[in-house]
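Step one of this worksheet: look at the structure below.
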Amino acid sequence: MKHLIALIFAVLLCIGPARVIAQESSSQPSRGDDLLLKDFRPQSMLKHIRSTDLQRARFPVIDVHTHFGLRQRSSQQALDEFVHVMDRHRIAVCISLDEKLGASFGDHAKFLWKAYPNRFAVFAQIDWRGEAAVDKPAEWACNQAGFARQVTEQLRQARNRGACGVKIFKQFGLWYKNADGSLIRIDDTRWDPIWQACGQLGLPIIIHTADPAAFFLPIDKRNERYEELSRHPDWSFYGDEFPSRDELLAARNRIIERHPDTTFIGAHVANNPEDLQTVGDWLDQYPNLYVEPASRIAELGRQPYTAREFMLEQIHGKAGAMVVIEQFLHGREVTSHLWTDGQNVTTLPFSADQKR
């Protein structure tokens with residue numbers, strides 16, 4: 001018993017000083033060895049820097065790319081709060097891309113228009129799968145005879161009930177499947193009657209094709225979106241199971257060219273904001289193509305002069321007139337390390353992507 005008491009006393013003597021040392025150590029300034037990049041929140045030491053804090057658009061604007069069904073989820077309070085944001089920033093109208101063709105058409109529009117009939121427009125989504133199981137593509141709606149004819153009729157009905165356009169998601173080309181399980185090709189001629197009907201009905205198509213260039217590269221130390229992809233590896237489209245990004249964009253451009261009487265809006269700067277020269281060439285080549293810049297501040301913000309010239313038509317002739325300008329709304333965008341105008345640099349905390 002005496003030996004046990006002595007042993008406990010000795011242990012306490014050892015723990016006591018260690019605890020004091022730990023407390024003293026924790027009070028000392030960190031050298032940063034244990035700081036993770038995701039926790040980095042630097043405070044600028046610059047003083048008296050001239051800046052322009054724009055909180056309100058000079059002219060009323062239209063936001064052509066919003067998802068009120070996904071974000072607000074039929075919450076009247078959330079919608080009311082968002083309308084206050086619109087008023088504060090002088091956003092006249094928002095277009096929600098979350099209406100649906102078919103029997104359920106009108107549910108989302110009714111939610112938006114009940115209290116704010118003049119502040120929202122809706123684009124409708126095509127239901128490619130229908131009620132079939134995910135793992136049975138042979139039973140999907142798009143693989144049944146008469147699908148294009150059925151969608152064309154749904155488009156006419158939706159147009160008569162207030163739809164202003166059609167939304168195509170990136171799954172078109174990256175996930176939707178043929179009956180044999182292979183990926184549907186964007187430029188498959190089976191869908192030509194749909195694109196033609198949109199033109200005849202005056203319904204523009206906002207089409208999201210592919211994704212940022214980095215999503216099609218290996219997730220390694222050279223990938224500029226490594227931090228984002230390391231958290232969401234399922235967002236990567238690198239590998240033989242997916243078409244290349246160039247293939248997807250080329251297929252989209254072929255349907256734009258095949259249907260000159262149909263208006264196409266290339267979502268996210270035609271999903272090629274990393275190469276504005278090429279986007280400008282597309283705008284010059286396809287008079288029926290427009291682009292909008294939603295959720296691509298990470299790319300545009302790193303090339304402020306090029307982006308400005310692109311918008312002001314100084315590089316691509318009439319291209320600037322084909323850019324659908326929208327107000328960037330509140331919320332967090334894709335991961336950015338800093339913003340700069342070429343002189344001033346503002347470092348940013350990591351942010352969450354809101355595309356999916």
### Message
Going by amide H atoms built from the backbone, whose H comes under 5 Å of the H on residue 265, apart from near neighbours?
### Response
205, 206, 207, 290
#### Entry: At most 16 other Cβ within 10 Å, DSSP loop - trypsin sites (Lys or Arg not before Pro), segment 35-66
47, 50, 56, 58
### Query
Hey, what do the phi angles of segment 213-220 turn into as Karplus ³J(HN,Hα) couplings, whole Hz, using 6.51/-1.76/1.60 and θ = phi - 60°, x for Gly and Pro?
4, 5, 6, 9, 10, x, 7, 9
#### Entry: Residues whose placed amide H lies under 5 Å from that of residue 66, excluding near-sequence neighbours
95, 97
### Task
Restrict the search to segment 127-193; then list the GluC sites (Glu not before Pro) that DSSP places in a loop and that have at most 14 other Cβ atoms within 10 Å of their Cβ.
131
### Accessible heavy-atom area order of 289, 36, highest first, probe of 1.4 Å
36, 289
### Query
DSSP loop trypsin sites (Lys or Arg not before Pro) in segment 189-282 with at most 16 other Cβ atoms within 10 Å of their Cβ, which ones?
221, 222
### Message
In whole Hz and in residue order, list the ³J(HN,Hα) couplings for segment 255-272 that follow from phi through the Karplus curve 6.51 cos²θ - 1.76 cosθ + 1.60, θ = phi - 60°; x for Gly and Pro.
### Response
6, 4, 5, 5, 10, x, 8, 10, 8, 10, 10, x, 4, 6, 6, 6, 6, 9
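The values are calculated or read from the model by the stated rules, or taken from the named source; none is laboratory data. The structure displayed is predicted, hence computed values, not measured ones. Neighbour counts run over all protein chains shown; Cβ positions are idealised from the backbone, glycine included. Surface areas here come from the heavy atoms of the whole protein model, side chains and all, with no ligands, DNA or RNA. Shrake-Rupley method; radii C 1.70, N 1.55, O 1.52, S 1.80 Å.
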